[in-house]
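The values are calculated or read from the model by the stated rules, or taken from the named source; none is laboratory data. Being a predicted model, the structure only gives us computed values, none of them experimental. Here the Cβ is made from the backbone with ideal geometry for all residues, glycine too, and neighbour counts use every protein chain on show.
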Amino acid sequence: MKRIWQRLNAQRSSASQEPQEGERQDAPAHSPSTGKHSGKTKRHISTKEAIRRFRAHALDEKKHADVVRVGVHDALWSDMYHHALTASWTAFTFWAFVSYVVVNLLFAVLYALVPGEVTGPHPLSFLDLFFFSVQTLSTVGYGGMVPSGVAANVIVSFEVLLGMMVNALAAGAVFARIARPRARIIFSNKAVVSDENGVSALCIRIANCRRSLILSVDVEVALSRLIVTHDGHLERRFEPLTLVQAHVPVLRFAFVLAHVVTETSPLHRCSLQELQAEEAEIIVTVTGTDEAMGQTVFARTAYAFDKVLHNHRFVDIIHTRPSGGLAVDYSKFHDIEAHVPSEG
């Protein structure tokens, strides 16, 4: 990190030099910064401060739940459908149960405010009125308790209307959560850089765990780096990593994504130490169409560079059975093996 910051300061100092008296004077690429230009003092951020800012911006990579959003309000009521779909099943079930109980308690209070207008086989307690509200909200109506007054019938009318809407919305939300398209695509837990046949290539293995095919699969791989700009700010930069085959017509079993590390590749320009200092990651996104459901499915993952192994390759998982069919051994999906790179 210190080497990167010193190189950045040297570049900034070199770029700030302007031609004087009609002659251009170029500063050495790695010369130390003088800190002055045209009589004005140029302020440089210290290495300690740069590292502090660098680490502070690691927040960009945290999960949404770990990020505190200031100046923006969570639109719960106007975006309730999205919250219902994205909440965990535990949170969804908990809040659905709490809402159900609270609504019935409110209507039980309303029935208690008009005593004697809900009749039953015995004098009704507050608990009886609560269960009467449950029966009314669900439109069950067992007949043991009935409204007998005008006020009680008005309350029942509103509760039945609310119950029909709530039941429809709740059923729709549960169905949407269950029917939401999900891609059962797995990614290898490590990426490998193979130098077989004298060609250096970054390889990542993906596989379809469903029996149905995934059609028209598009894959995008990008290098994500947290860099320091010339004005001292930190920003997340994404550089595409071109794949040998970014479009797969049919993903039936497993497929290996390969990016050839040529001289134009971002991986060729940066050393491993620089990438680790910039908290670089390899981000993979997969989009396709599930043949059985006809819906678009998505999957994504990311690899830090401590999960990228050099001079390794994936173990074969597809074999021919004695009967002539194919066997896919998913138990070896993440297995890799070392190999000796070819010379020349």
(message) Checking the structure you have, find out if any residue of segment 257-269 is modelled with pLDDT of 85 or more and in contact with a Lys or Arg (Cβ under 6 Å, 6 or more places away or on another chain).
(response) no
(message) I'd like the residue in segment 142-188 that is farther than 30 Å from Tyr81 by Cα and in contact with a helix residue (DSSP H, G or I) (Cβ under 7 Å, 6 or more places away or on another chain) and, out of all such residues, is surrounded by the fewest Cβ atoms within 10 Å (Cβ to Cβ).
(response) Tyr142
(request) Determine whether Leu137 is modelled with pLDDT of 90 or more, among the hydrophobic types (A, V, I, L, M, F, W, C) and in contact with an Asp or Glu (Cβ under 9 Å, 6 or more places away or on another chain). (result) yes
(message) Filter segment 260-284 down to the residues that are under 22 Å from Ile336 (Cα atoms) and either within 23 Å of the chain's Cα centre (by Cα) or of a type in the set (Gly, Ala, Ser) (or both) and list them by number.
(response) Glu281, Ile282, Ile283, Val284
(message) Can you say whether Arg300 is out of contact with any Gly (no Cβ under 7 Å at 6 or more places or on another chain) and without any contact (Cβ under 8 Å) to a residue 24 or more places away in the chain, as far as the supplied structure shows?
(response) yes
(request) Please specify each residue of segment 222-253 satisfying the condition of being in a strand (DSSP E or B) and either acidic (Asp, Glu) or not assigned by TED's automatic domain parsing to the domain that holds Thr301 (or both). (result) Glu235, Glu239
(request) Sort out which residues of segment 77-102 are modelled with pLDDT under 80, loosely packed, with under 12 Cβ neighbours inside 10 Å and either assigned to a helix (DSSP H, G or I) or touching a helix residue (DSSP H, G or I) at 6+ places or on another chain (Cβ under 6 Å) (or both), and write them in order of number. (result) His82
(message) Name the single residue that is farthest from the chain's Cα centre (by Cα) among those in segment 219-237 being of a type outside the set (A, V, I, L, M) and surrounded by 12 or more Cβ atoms within 10 Å (Cβ to Cβ).
(response) Gly232
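Looking at Glu274, Glu263, Glu279 in this structure, which one is part of a loop (DSSP other than H, G, I, E, B), among the charged types (D, E, K, R), in contact (Cβ under 8 Å) with a residue 60 or more places away in the chain and in contact with a helix residue (DSSP H, G or I) (Cβ under 9 Å, 6 or more places away or on another chain)?
Sole residue among the options that is part of a loop (DSSP other than H, G, I, E, B), among the charged types (D, E, K, R), in contact (Cβ under 8 Å) with a residue 60 or more places away in the chain and in contact with a helix residue (DSSP H, G or I) (Cβ under 9 Å, 6 or more places away or on another chain): Glu279.
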(message) Could you go through segment 303-310 and let me know if any residue there is loosely packed, with under 14 Cβ neighbours inside 10 Å and at pLDDT 85 or above.
(response) yes
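Test Thr289 against the criterion of being assigned to a strand (DSSP E or B) and not acidic (Asp, Glu), and give yes or no.
Spelling it out, Thr289 is indeed assigned to a strand (DSSP E or B) and not acidic (Asp, Glu).
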